[in-house]
Structure formats: structure tokens, C-alpha cells
2 protein chains.
Amino acid sequence: MNIALFRNLFREKKLSLSHPRLLTYQELSNAVSPLSSLELYQNLLKKSKKIGLTSIYRSLGLFESLGIVFKITNGSSVKYKLCELENHHHHIICKACGNVVELNFCDISDWSKKVTEVTGYQVVDHQLNFFGFCKACIPLQRSQSAER
Amino acid sequence: MNIALFRNLFREKKLSLSHPRLLTYQELSNAVSPLSSLELYQNLLKKSKKIGLTSIYRSLGLFESLGIVFKITNGSSVKYKLCELENHHHHIICKACGNVVELNFCDISDWSKKVTEVTGYQVVDHQLNFFGFCKACIPLQRSQSAER
DNA sequence: CTGTATGCAAAGCATTTGCATAATA
DNA sequence: TATTATGCAAATGCTTTGCATACAG
């Protein structure tokens with residue numbers, strides 16, 4: 001999601017676009033790979049930006065609930081990345097290096113119907129992640145497979 | 001994985017099959033839905049089994065590294081379930097009461113191929129959870145929808 | 001101005017670790 | 001008997017909360 005859309009969204013939802021929120025967004029926006037809350041905090045401090053860790057947590061929580069950010073819980077580590085695709089999508093995560101690629105397809109709506117038929121549950125959401133090895137890490141597969 | 005295979009594995013790997021490990025295995029084996037480390041601990045205490053929480057953590061870690069157990073990291077909650085190698089499946093989780101129903105179908109293998117084609121990643125695993133409201137909780141939907 | 005967000009410090013929690021004791025093979 | 005695992009208590013580390021202050025709209 002680019003900065004213009006980001007600003008629009010905040011205006012639409014009548015959410016205040018505070019300094020910490022903007023900084024958090026920008027830092028994620030510059031990032032090449034997913035970042036933890038602490039990395040985000042330290043990166044901003046290095047750039048002499050005044051921000052509290054707490055606000056980063058709060059911003060990330062807000063962004064996540066708005067669908068702006070994807071939270072990657074991979075074993076014990078938690079990282080965040082900006083969603084580049086605006087529509088609903090899923091991810092594939094490299095088990096070795098942690099890189100994430102977004103998948104711009106989701107045919108799961110048929111499944112939701114099936115789930116409702118079978119269980120009686122009203123399905124409102126789902127979560128799907130693929131795990132594997134990116135091209136660069138395929139050779140490492142054997143040595144890494146027990147990790148996480 | 002049944003108890004016979006479990007015992008065999010431990011013998012093969014020359015791992016000691018201690019009381020806590022066996023209890024942890026059995027409790028998971030009896031469980032209808034995935035359990036957290038604490039639930040496991042409390043269930044065993046209720047049954048007057050002597051065990052420490054620490055040992056449960058250590059057993060679960062061992063089991064996971066052996067591929068006996070699957071760790072479900074759902075937002076902030078972490079639960080474990082025995083891998084039933086014969087039928088891979090997914091879950092639907094009630095957002096209101098937390099009940100879990102297992103879904104005995106998974107047609108995702110076609111997707112894995114597609115993911116590989118599109119991204120070049122070698123897919124080795126995936127994780128799919130549905131969220132919704134069970135019959136009893138559908139009336140609560142409005143008040144609970146912001147949670148998690 | 002008025003409500004909302006911030007930042008610090010402290011609290012909370014799940015998980016891990018150190019170490020003496022106990023159980024396993 | 002010699003490893004190896006256990007269990008308690010304490011430590012760790014990530015995340016959340018309370019609350020007075022500062023900021024955005």
C-alpha cells in the first residue's frame with residue numbers, strides 16, 4: 001500500500017495520522033524484508049526519530065486490523081511487513097531465510113461454504129500460509145529443516 | 001501417530017521414554033482439539049498425574065523436532081496437536097468461544113504446485129485455519145467481531 | 001478546544017534456564 | 001551405575017497497561 005492510499009484510508013476512517021504512525025509506516029515501507037517491532041524501533045532511533053516502542057506496537061496492531069500490515073509468526077519470531085496487494089491474499093514464507101512473497105490468488109471462498117455445510121459454523125475469516133524454501137535456500141533445506 | 005509407533009521411534013532414536021514424556025503424549029493423544037502447554041499441564045494435574053510445566057515444554061519441543069507434534073501459532077495463542085500422519089487436515093475455530101472443529105478435507109495440494117510455479121519456492125508445508133462463529137455463538141457475532 | 005495518541009515505567013505472561021535431585025536404560 | 005531428564009524457582013524477553021502529558025484535527 002503506497003503513501004497516498006495510506007493517507008486516504010486514515011482520512012476515510014477518521015483516524016489520526018500521528019507522527020509515530022507515519023514513522024512506523026515509512027520504516028516498513030523502506031524495508032526490504034519483514035521487521036520485528038524492536039528492529040523497527042532501533043532503525044528509527046538510528047535515524048534520530050523520536051518514537052516509543054509502545055507506539056510501534058500500537059501502530060502495528062492498528063495497521064494489522066486495517067489490513068495494511070501482515071504479521072508473520074514464524075516459530076518464536078514475530079515480524080511485520082507492509083501488504084503490497086490491496087485485495088485479500090496469502091503468503092509463502094521461506095523456512096530458511098524468512099523472506100516472504102505475496103500470492104495474488106485465493107480461491108478459498110468455495111471452501112468456506114463447504115466448512116459451513118459440514119460444521120454449521122459461520123465462517124468470517126481464514127488464514128493461510130505456505131512454508132517452504134526460496135530458490136536461494138533450497139540447498140540449505142536439509143540443514144535447516146529442524147529449525148524454527 | 002499411535003502409541004506403538006511412538007515407542008518404536010523413541011527406541012530407534014535411543015531417547016528415554018520418561019514418565020513426563022509419556023504423559024504428555026497420552027494427553028495429546030486423548031485430546032479432541034489442540035491444547036496449549038498450560039492446558040496440558042492442568043489436565044494432567046486434574047488427573048492427579050505428577051508433572052512439571054517445564055517438562056511439558058521440553059517434551060513438546062522434543063516432539064515437535066521429531067515431527068510427532070504440530071505447533072499451531074494462532075495470533076498470540078500457541079497450541080499443539082499430535083500429527084496424524086494418515087489424514088492431514090485443518091481447523092475451524094470459533095472466535096467467540098474458542099471451540100475447534102477438525103475438517104477432514106484438504107484440497108490444497110494443487111495450490112502448492114501453483115505457488116511453486118509462481119514464486120519458485122519449494123513448498124514443504126502450509127497452515128490453514130478458518131475463523132467464524134459456532135452455532136451457539138452466532139448471536140454474539142456483533143459484539144465479538146473486533147477481538148483477537 | 002476536545003478527544004485521541006503518546007511515552008514512560010511498571011505489570012503481565014508465556015517460555016526458558018540453572019542447578020540439585022531423581023529417574024531411566 | 002552413568003547418563004539423561006526432571007522440577008522448582010528465578011530469570012528472560014516480548015508485549016500490554018495505567019496514567020499524566022502532548023498532539024491532531
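The values are calculated or read from the model by the stated rules, or taken from the named source; none is laboratory data. The structure presented is a predicted model; accordingly, all values stated were derived computationally and were not measured. So basically every Cβ, Gly included, is an ideal-geometry build from the backbone, and we count neighbours across all protein chains shown.
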Quick one: in segment A:66-77, of everything that is under 23 Å from A:Asp125 (Cα atoms) and within 12 Å of DNA strand C (Cβ to nearest atom), which residue is farthest from the other protein chains (Cβ to nearest Cβ)? A:Leu66
Between a first residue in segment B:49-65 that is within 14 Å of another protein chain (Cβ to nearest Cβ) and a second residue that is small (Gly, Ala, Ser) and within 11 Å of DNA strand C (Cβ to nearest atom), which pairs have beta carbons less than 9 Å apart while being 6 or more apart in sequence or on different chains? B:Tyr57/B:Ser37; B:Leu60/B:Ser37
Just one listed residue, out of B:Lys79, B:Lys113, B:Lys95, is over 16 Å from A:Leu128 (Cα atoms) and at pLDDT 75 or above, and it is B:Lys79
Please find, within segment B:18-48, the residue that is farthest from the other protein chains (Cβ to nearest Cβ) out of those that are within 8 Å of DNA strand C (Cβ to nearest atom) and loosely packed, with under 15 Cβ neighbours inside 10 Å. B:His19
Can A:Glu102 be described as under 30 Å from B:Gly61 (Cβ atoms) and either more than 16 Å from DNA strand D (Cβ to nearest atom) or outside the structural domain of A:Cys137 (by TED's automatic domain parsing) (or both)? no
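Working only within segment B:1-48, note down all residues that are among the small types (Gly, Ala, Ser) and either without any contact (Cβ under 8 Å) to a residue 40 or more places away in the chain or not in a helix (DSSP H, G or I) (or both). Break it down into steps so the answer makes sense when it comes.
So the first thing to find is which residues in segment B:1-48 are among the small types (Gly, Ala, Ser), and the list is B:4, B:16, B:18, B:29, B:31, B:33, B:36-37, B:48.
Residues satisfying the conditions are B:Ala4, B:Ser16, B:Ser18, B:Ala31, B:Ser33, B:Ser36, B:Ser48.
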